[in-house]
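Below: one structure, written as structure tokens.
The values are calculated or read from the model by the stated rules, or taken from the named source; none is laboratory data. No experiment lies behind these values; they were computed from the predicted model shown. Note that each Cβ is placed from the backbone with ideal geometry, even for glycine, and that neighbours are counted across all protein chains shown. Just so you know, the surface numbers come from the protein's heavy atoms only, side chains and all, with ligands and any DNA or RNA stripped out. Shrake-Rupley method; radii C 1.70, N 1.55, O 1.52, S 1.80 Å.
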Amino acid sequence: MTRSSSSFRFPCGIGHNSFPVIQFSFSFEIEKTNFFTVPSYNRKRSRQQYLHCSSSFVFPILCSSSLYDMDAAPRQGLYPLHRCKTIHLVRHAQGFHNVAGEKDHSAYMSPELFDAELTPLGWQQVDNLRKHVRSSGLSRRIELVVVSPLLRTMQTAVGVFGGDGYEDGIDVPPLMAENAGNSSRPAISSLNSPPFVAMELCREHLGVHWCDKRRSISEYKPLFPAIDFSLIESDDDTLWKLDVREANEDLGARGLKFLNWLSTRKETNIAVVTHSGFLVHTLAAFGDDCHPSVKNEICRPFNNCELRSVVIVDRSMISSGSSTTDYPGKIPDGSDAPSEEADKK
């Protein structure tokens with residue numbers, strides 16, 4: 001057992017005109033290995049570099065393996081609730097491109113896999129995840145579903161988070177039309193389901209792989225009538241290039257931009273149905289201040305139709321929402337001098 005002393009500096013808030021930093025000094029005894037985290041901050045970066053850092057979010061995770069000296073230092077992040085959002089990340093279910101690509105990676109370059117749909121096994125995965133989100137009560141908490149505008153992700157999203165079977169005569173559009181994408185599946189109702197919005201920012205790697213090229217929005221709308229496509233600027237897919245594959249770094253930066261966009265939404269429980277590469281390269285920006293096992297928990301690749309729930313925290317005042325649960329007190333007004341003030345007199 002050894003005893004060590006150290007100090008950390010980290011920002012307690014970020015504003016446009018100020019950058020307060022708190023210095024923490026502490027000592028602790030180490031038995032095997034103990035870990036704890038403070039909000040992410042690189043001491044080697046200048047103040048300006050940090051202000052322009054693309055990651056405005058942290059995952060407040062307790063990384064401690066023992067309950068040594070409880071008063072030594074903070075091991076948890078504490079933030080106002082209205083600055084936090086719970087995000088339920090889902091990778092799409094198995095698509096035909098997954099099966100072909102596992103046998104031969106060069107199959108991804110085949111036009112035959114253009115905008116690949118779910119396999120029958122993939123639909124079984126969708127049905128099982130749907131049972132889970134319903135039995136766990138998660139389906140009742142989700143306020144918004146954000147989905148990548150490709151066939152396999154939209155099939156997964158509506159199958160997991162949509163309503164029950166659609167019946168003719170109901171005065172609301174279905175989330176999915178019957179047999180959409182050659183699925184041999186019945187129509188899915190939008191009744192008793194959260195709103196769905198398609199978003200280009202959470203697409204898979206762009207370019208080269210035909211399975212990652214989308215159809216025109218005008219083709220999708222009859223297949224998924226209740227999905228909101230209004231945030232997509234171009235009817236045709238102008239982002240996908242035949243001979244240029246998006247770099248991992250660019251995909252990761254796009255993922256952080258997507259998280260920034262999520263922070264501007266008023267909803268606090270959001271499901272995101274997206275792709276393996278998008279999730280891997282977006283989440284790689286997080287967890288470096290944690291125990292390696294926690295970093296691995298955040299960043300390990302997703303299985304088909306896997307769901308993981310995380311919390312993102314807006315520490316940069318991107319969102320403008322106010323708390324719906326805080327209460328100002330002093331109603332009615334009255335004397336409320338703290339006891340420590342009385343001790344000073």
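Results, tabulated for the structure shown:
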item: When residues of the range 75-97 are limited to those that are over 16 Å from M154 (Cα atoms) and of a type in the set (S, T, N, Q), the one farthest from the chain's Cα centre (by Cα); result: Q76
item: Some residue of the range 167-188 being small (G, A, S), over 17 Å from the mean Cα position of the chain (by Cα), over 30 Å from D326 (Cβ atoms) and not in a loop (DSSP other than H, G, I, E, B); result: no
item: Restricting the range 202-218 to residues that are closer than 14 Å to E117 by Cα and open to solvent by 20 Å² or more (accessible area, probe 1.4 Å), the residue that is nearest to the chain's Cα centre (by Cα); result: K213
item: Total residues in the range 241-267, condition open to solvent by 20 Å² or more (accessible area, probe 1.4 Å) and among the aromatic types (F, W, Y); result: 1
item: Residue match in the range 118-128 (condition: free of Cβ contacts under 8 Å to residues at least 40 places away in the same chain and under 25 Å from L259 (Cα atoms)); result: no
item: Yes/no for R254 being over 14 Å from L201 (Cα atoms) and basic (K, R); result: no
item: Hits in the range 217-237 - residues which are in a loop (DSSP other than H, G, I, E, B), aliphatic (A, V, I, L, M) and either more than 10 Å from L175 (Cα to Cα) or in contact with a helix residue (DSSP H, G or I) (Cβ under 6 Å, 6 or more places away or on another chain) (or both); result: L231, I232
item: Candidate set: the range 169-186, residues that are charged (D, E, K, R) and under 20 Å from D115 (Cβ atoms); chosen: the one least open to solvent (accessible area, probe 1.4 Å); result: R185
item: Qualifying residue in the range 200-223 (condition: under 14 Å from T274 (Cα atoms) and of a type in the set (G, A, S)); result: no
item: Residue match in the range 193-214 (condition: in contact (Cβ under 8 Å) with a residue 60 or more places away in the chain, in contact with an Asp or Glu (Cβ under 6 Å, 6 or more places away or on another chain) and among the basic types (K, R)); result: yes
item: Residue check, E167 among the acidic types (D, E) and either touching a Cys at 6+ places or on another chain (Cβ under 6 Å) or at pLDDT 95 or above (or both); result: no
item: Residues that are modelled with pLDDT of 90 or more, touching a strand residue (DSSP E or B) at 6+ places or on another chain (Cβ under 8 Å) and not in a loop (DSSP other than H, G, I, E, B), drawn from the range 291-336; result: I298, L307, R308, S309, V310, V311, I312
item: All positions within the range 101-123 that are open to solvent by 30 Å² or more (accessible area, probe 1.4 Å) and in a helix (DSSP H, G or I); result: E102, K103, H105, S106, Y108, M109, P111, E112, P120, L121
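This table checks each residue for (1) open to solvent by less than 50 Å² (accessible area, probe 1.4 Å); (2) polar (S, T, N, Q); (3) over 17 Å from T86 (Cα atoms).
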{"position": "V273", "(1), (2), (3)": "yes, no, no"}
{"position": "S276", "(1), (2), (3)": "yes, yes, yes"}
{"position": "V280", "(1), (2), (3)": "yes, no, yes"}
{"position": "D289", "(1), (2), (3)": "no, no, yes"}
{"position": "S293", "(1), (2), (3)": "no, yes, yes"}
{"position": "D326", "(1), (2), (3)": "no, no, yes"}
{"position": "G329", "(1), (2), (3)": "yes, no, yes"}
